[in-house]
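Asker: Sharing a structure with you now.
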Amino acid sequence: MQRIAVGWLTWQLTGSGFWLGVVAFADFFPVVVVGPVAGALADRWDRLTVVKVSQTISLLQATALFWLTATGSVTIGLLVALTAFQGFVVAFNQPARLALVPSLVPQADLPTAVAINSVVFNLARFIGPACAGPAIVWSGVSGAFAANAVSYLPFLAALFTIRIEPEGTGSAKQRSMMADLAEGIRYTARHPGIAALLVLLTALGIGARPLSELLPGFAANVFNSGAGGLSILASSMGGGAIVGGLWLGQRAHSSDLIRIAFAGSTVGALATIAAIATGHMWVAVPALIVVGGSMSVAGIAIQSAIQLATARVMRGRVMGLYGLIFRGAPAVGALTAGFVSTYFGLRVPVLFGALIVIAVCFWLYLDRQRIAEALRSPDVENDV
């Protein structure tokens, strides 16, 4: 709900695709600054505590957004600043949260756990926009921000019920932070499978993600459907993502994650081209459902394969780099797409991004056998 509200508020304040890109950049780019460091810290600090603290701070940020919009004090500058602040919070939260997942389930169930996590996340992407549209229409964007702030309370209560065994990360504290960081980067770059999947993740972030960030502009200027249309478009992508996650959850123990990642990325890029080729919203909706499902499948397959292939003691640092790309690449893509849309319209940057994804998939597919063999290596049990 907050993401939709922020996008719509940005459009209301500026009416500019460029500012949509700036706000998305402010949300995603902080992870580029602190992501690798946050990953190293996730291998040193108690991960559960990091998640609890970051979610508490997010509650305060959502409350500030509500107050500013309810009192009419919000400006585009304040919106960008608060979005960037939240981006830094998420940048510290994400490596710890992702590295925490293998501590909650047996290794054999990890792909299923990642798929379930994706289904829950995308269920929010489906329900959130469906609720945000009416909330914005009936009570303004402040209503959506208020609902988001309240939603943190039961989530925090749930976090405080979790009990896990210590991970034994204390040995990392004997080395310097820079040594840990360098070791994580070397490990990731030299692993043929993990490095290849991160290249694909980069292509998806830069090439495919800008469609989501430019949806307010498409709803307003291309489909002429307003806030209600925006909620339908965003919910379509979220609904497709739920279906994709449920489908992959049934196949999560398959050894075919690489093929699934390549196929999902390619189909999603082709569906993106189909979605922007029309001026009719109800023609675009089915294509957006396919986009959401395909990109969800690709994302789950990529994350599952990386988690399974990563050595236990390197997991925080690898997931820190994963988080850097997962949020940093969309920041670059959204800012670039927003800038290009100012001069060439909304469709051109989205089309170019989809072609980038297709090209990268083809390039990596040629080396698929070496990538698959590297990902099957038993590093996950090693202490490095």
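The values are calculated or read from the model by the stated rules, or taken from the named source; none is laboratory data. Note that the structure is a prediction, hence the values are computed from the model and not measured. Neighbour counts run over all protein chains shown; Cβ positions are idealised from the backbone, glycine included. Heads up: the accessible areas ignore ligands, DNA and RNA and are worked out on the full protein's heavy atoms, side chains in. Shrake-Rupley method; radii C 1.70, N 1.55, O 1.52, S 1.80 Å.
Asker: If a residue counts only when it is closer than 24 Å to ALA334 by Cβ and either modelled with pLDDT of 80 or more or open to solvent by 60 Å² or more (accessible area, probe 1.4 Å) (or both), which helices (runs of 4 or more DSSP H) contained entirely in segment 127-212 have at least 3 such residues?
Answerer: Fully inside segment 127-212 and qualifying: 141-159, 192-203.
Asker: While we're on this one: Of the residues ALA354, ALA305, ALA301, which is under 20 Å from the mean Cα position of the chain (by Cα) and under 12 Å from ARG209 (Cα atoms)?
Answerer: Only one candidate passes the filter, namely ALA354.
Asker: Another question about this same structure. Conditions: (1) surrounded by 18 or more Cβ atoms within 10 Å (Cβ to Cβ); (2) modelled with pLDDT of 85 or more. ALA113 meets all but one. Number of the miss?
Answerer: Exception for ALA113: condition (2).
Asker: What is the residue count in segment 10-59 for residues that are aromatic (Phe, Trp, Tyr), open to solvent by less than 50 Å² (accessible area, probe 1.4 Å) and out of contact with any helix residue (DSSP H, G or I) (no Cβ under 6 Å at 6 or more places or on another chain)?
Answerer: Total meeting the criteria: 0.
Asker: Filter segment 60-73 down to residues that are of a type in the set (Gly, Ala, Ser) and open to solvent by 40 Å² or more (accessible area, probe 1.4 Å) and give me whichever is farthest from VAL141 (Cα to Cα).
Answerer: SER73
Asker: Does VAL243 qualify as being in contact with a Gly (Cβ under 9 Å, 6 or more places away or on another chain), under 30 Å from ALA372 (Cα atoms), open to solvent by 10 Å² or more (accessible area, probe 1.4 Å) and assigned to a helix (DSSP H, G or I)?
Answerer: For VAL243, the condition - in contact with a Gly (Cβ under 9 Å, 6 or more places away or on another chain), under 30 Å from ALA372 (Cα atoms), open to solvent by 10 Å² or more (accessible area, probe 1.4 Å) and assigned to a helix (DSSP H, G or I) - is met.
Asker: Of all residues being within 21 Å of ALA271 (Cβ to Cβ), more than 18 Å from the chain's Cα centre (by Cα) and assigned to a helix (DSSP H, G or I) in segment 341-351, which is modelled with the lowest pLDDT? Just the residue, please.
Answerer: For segment 341-351, the residue satisfying everything is SER341.
Listed here are the residues, each with its yes/no results for (1) modelled with pLDDT under 85; (2) under 28 Å from PRO192 (Cβ atoms); (3) surrounded by fewer than 24 Cβ atoms within 10 Å (Cβ to Cβ); (4) not acidic (Asp, Glu).
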| site | (1), (2), (3), (4) |
| --- | --- |
| PRO286 | no, no, yes, yes |
| GLY292 | no, no, no, yes |
| ILE302 | no, yes, no, yes |
| GLN307 | yes, yes, yes, yes |
| MET314 | yes, yes, no, yes |
| VAL318 | no, yes, no, yes |
| PHE326 | yes, yes, no, yes |
| THR336 | no, no, yes, yes |
| PHE339 | no, no, yes, yes |
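Asker: Touching a residue at least 24 places away in the same chain (Cβ under 8 Å) and not in a helix (DSSP H, G or I): which single residue out of GLY323, GLY328, GLY279, GLY292 fits that description?
Answerer: GLY279
Asker: Could you please let me know if ILE76 is open to solvent by 30 Å² or more (accessible area, probe 1.4 Å), under 24 Å from ARG47 (Cβ atoms) and more than 22 Å from the chain's Cα centre (by Cα)?
Answerer: Taking the combined requirement at face value, the residue does not satisfy it.
Asker: In addition: For segment 252-276, what are the residues that are in a loop (DSSP other than H, G, I, E, B) and either among the small types (Gly, Ala, Ser) or surrounded by 23 or more Cβ atoms within 10 Å (Cβ to Cβ) (or both)?
Answerer: ALA252, SER254, SER255
Asker: Out of the residues in segment 219-272 meeting the condition of being of a type in the set (Val, Ile, Thr) and at pLDDT 85 or above, tell me which one is farthest from the chain's Cα centre (by Cα).
Answerer: VAL222
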